[in-house]
Amino acid sequence: MSQEPRLTPEELENLVNDEFADASASDEDFDFPADPDEEDEAGELSDEETEDLTAADDDYGQSVTFSTE
Amino acid sequence: MSYRPPVLQATSVPSNTAVDGSIPTSAATATRDAAIQATRTADATVDANAGTMQQADAQRAMPRARTDNLNDAAGRHLTPTNETVERPSVYSHRTNRANVNRAAARFNPAQRTAAATFINPQTDQQRQIRNGLNSHFESGGSVNDLLPATQRLVRRLDGAIQKAERENDRSHVVYTTLNVQGTSRDDYLQALNNTPNYHQNLLGYTRANHDVNKIAGDQDAIYVQIETSRGMYVGNEGSTGHLLPRGLELEYVGSGDFNVDDGQGGTVRRTIVQMREVRQDERTAARS
């Protein structure tokens with residue numbers, strides 16, 4: 001996995017806000033489910049949505065820090 | 001927990017003859033390990049003091065495991081030495097896909113957006129968010145260091161993965177690569193073998209695959225086979241991907257050269273490090 005320069009929390013926040021600008025107006029719908037058994041039922045996904053959720057990802061692995069110095 | 005995988009005899013790196021009985025770590029590594037342990041302890045305190053699981057999850061630094069329905073008897077175990085690493089079966093693919101589709105149908109809209117964005121980013125901006133978050137966590141950053149909108153995104157993704165975990169009915173054996181920073185590949189393997197039960201923390205979201213043939217690491221990447229109950233299957237037709245949650249703690253089991261089914265009737269030889277998930281109940285037992 002490639003290492004990219006670390007973004008500041010502010011830069012990340014700006015990216016998230018830009019990406020989800022359309023969704024922010026209804027953000028109250030996005031709260032973490034209060035009770036796993038009482039959460040919003042989103043209904044069945046369409047085939048297209050399911051495909052998005054299960055799409056292949058070619059970017060594997062993780063970098064770990066380890067030093068003996 | 002009853003299952004303990006066998007300790008494998010290494011064949012490609014020096015055998016497990018500890019020189020000093022511990023991995024030779026730098027002050028920076030020790031500080032990092034202490035910080036991770038402190039975070040896990042703080043999360044346990046949050047769990048003990050929060051009124052509900054929801055309140056605890058809103059404060060925890062690392063997501064809890066939600067593998068409530070795990071049936072150990074149906075689990076998969078690390079590949080014994082001298083056996084060929086098999087490709088995943090069609091049956092396991094169908095089972096895993098059915099499980100995750102059941103979970104995905106129960107995602108709320110925000111979780112659906114977060115999961116789709118992270119698993120399959122469509123834009124440069126989404127890729128920047130994904131890579132930026134992983135860099136943040138891998139370098140020791142906490143979710144609590146992030147600003148509100150980013151925290152919400154992270155917790156939605158954690159929630160989506162937890163829903164998938166609740167549908168897990170068995171352990172998984174998945175593969176990924178580690179690019180070790182700060183030392184050479186050979187020194188890392190040597191150090192692992194000198195340190196029985198070494199724990200490796202994966203602080204970011206880790207993309208893995210049930211098929212070792214789908215893993216293409218850098219030249220110096222270390223191939224890792226992981227036995228775990230955690231994460232979300234993200235396979236589709238022709239893919240057997242698996243997204244592991246952030247904050248996963250692994251224990252080194254062994255390493256060796258394995259024959260790997262190449263999918264074309266032959267095998268290739270690969271050095272694979274084997275690790276298993278350290279579960280919450282094991283941490284609790286170790287503290288008491």
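Considering only region B:135-148, how many residues are at pLDDT below 90 and surrounded by 23 or more Cβ atoms within 10 Å (Cβ to Cβ)?
1
If you check B:195, B:206, which single one turns out to be among the hydroxyl-bearing types (Ser, Thr, Tyr), out of contact with any Pro (no Cβ under 6 Å at 6 or more places or on another chain) and at the interface with chain A (Cβ under 8 Å from one of its Cβ atoms)?
Details: B:195 fails: at the interface with chain A (Cβ under 8 Å from one of its Cβ atoms).
Only one candidate passes the filter, namely B:206.
Take residue B:201 and tell me if it is touching a Gly at 6+ places or on another chain (Cβ under 7 Å) and at pLDDT 90 or above. Talk me through it step by step, then tell me what you get.
Values: touching a Gly at 6+ places or on another chain (Cβ under 7 Å): no; at pLDDT 90 or above: yes.
It is false that residue B:201 is touching a Gly at 6+ places or on another chain (Cβ under 7 Å) and at pLDDT 90 or above.
Is it fair to say residue B:106 is of a type outside the set (Val, Ile, Thr) and within 8 Å of another protein chain (Cβ to nearest Cβ)? I'd like the intermediate steps shown before the answer.
Numbers: of a type outside the set (Val, Ile, Thr): yes; within 8 Å of another protein chain (Cβ to nearest Cβ): yes.
The answer is yes for residue B:106.
Spot the failing condition for residue B:120; the list is (1) surrounded by fewer than 18 Cβ atoms within 10 Å (Cβ to Cβ); (2) touching a helix residue (DSSP H, G or I) at 6+ places or on another chain (Cβ under 8 Å); (3) facing chain A (nearest Cβ under 7 Å), and only one is missed.
The single condition residue B:120 does not satisfy is (1).
When you go through B:126, B:111, B:151 one by one, which is the residue that is modelled with pLDDT of 90 or more and within 30 Å of residue A:20 (Cα to Cα)? Explain how you work it out, then say what you get.
Details: B:126 fails: modelled with pLDDT of 90 or more; B:111 fails: modelled with pLDDT of 90 or more.
Result: B:151 is the single residue among B:126, B:111, B:151 that is modelled with pLDDT of 90 or more and within 30 Å of residue A:20 (Cα to Cα).
Pull up region B:218-240, narrow it to residues that are more than 18 Å from residue B:274 (Cα to Cα) and buried (at least 21 other Cβ atoms within 10 Å of the Cβ), then point me to the one that is nearest to the chain's Cα centre (by Cα). Quick ask: steps written out before the conclusion?
Step one: list which residues in region B:218-240 are more than 18 Å from residue B:274 (Cα to Cα), which gives B:218-219, B:232-240.
Adding the requirement that they be buried (at least 21 other Cβ atoms within 10 Å of the Cβ) leaves B:232-235, B:240.
Working: B:232: 10, B:233: 12, B:234: 14, B:235: 16, B:240: 15 Å.
Checked region B:218-240; the qualifying residue nearest to the chain's Cα centre (by Cα) is B:232.
Conditions (1) assigned to a strand (DSSP E or B); (2) among the polar types (S, T, N, Q); (3) closer than 22 Å to residue B:65 by Cα, marked per residue:
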| position | (1), (2), (3) |
| --- | --- |
| B:118 | no, no, yes |
| B:122 | no, yes, no |
| B:131 | no, yes, no |
| B:137 | no, no, yes |
| B:140 | no, no, yes |
| B:155 | no, no, yes |
| B:160 | no, no, yes |
| B:191 | no, no, no |
| B:226 | yes, no, yes |
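Can you say whether residue B:251 is part of a loop (DSSP other than H, G, I, E, B) and at negative phi, as far as the supplied structure shows?
Details: part of a loop (DSSP other than H, G, I, E, B): no; at negative phi: yes.
So residue B:251 fails the test.
Identify all residues within region B:183-192 that are touching a residue at least 60 places away in the same chain (Cβ under 8 Å) and facing chain A (nearest Cβ under 7 Å); write none if there are none. Quick ask: steps written out before the conclusion?
If we filter region B:183-192 for residues that are touching a residue at least 60 places away in the same chain (Cβ under 8 Å), which is where we start, we get B:186, B:189-192.
B:191, the sole residue that qualifies.
How many residues does region B:256-278 hold that are over 17 Å from residue B:208 (Cβ atoms) and assigned to a strand (DSSP E or B)? Please lay out each step first, then the result.
Step one: list which residues in region B:256-278 are over 17 Å from residue B:208 (Cβ atoms), which gives B:256-257, B:259, B:261-269, B:271.
Still in the list and also assigned to a strand (DSSP E or B): B:256-257, B:259, B:261, B:267-269, B:271.
Residues meeting the conditions: 8.
List, please: which pairs have Cβ atoms under 7 Å, are six or more places apart or on different chains, and start with a residue in region B:149-174 that is in contact (Cβ under 8 Å) with a residue 24 or more places away in the chain and end with one that is among the acidic types (Asp, Glu) and outside any helix (DSSP H, G or I)?
B:166/B:68; B:171/B:227; B:173/B:227
Say whether the condition of being surrounded by 18 or more Cβ atoms within 10 Å (Cβ to Cβ), β-branched (Val, Ile, Thr) and at the interface with chain A (Cβ under 9 Å from one of its Cβ atoms) is met by at least one residue in region B:160-175.
Within region B:160-175, none of the residues are surrounded by 18 or more Cβ atoms within 10 Å (Cβ to Cβ), β-branched (Val, Ile, Thr) and at the interface with chain A (Cβ under 9 Å from one of its Cβ atoms).
So, in region B:123-137, exactly how many residues are under 19 Å from the mean Cα position of the chain (by Cα), more than 7 Å from every other protein chain (Cβ to nearest Cβ) and of a type outside the set (A, V, I, L, M, F, W, C)?
Total meeting the criteria: 2.
What are the pairs, 6+ residues apart or on separate chains, where a residue within region B:96-109 that is farther than 8 Å from residue B:164 by Cα has its Cβ under 7 Å from a residue that is among the basic types (Lys, Arg)?
B:106/B:163; B:107/B:163
The values are calculated or read from the model by the stated rules, or taken from the named source; none is laboratory data. Note that this is a predicted model, so its numbers are computed, not measured. So basically every Cβ, Gly included, is an ideal-geometry build from the backbone, and we count neighbours across all protein chains shown.
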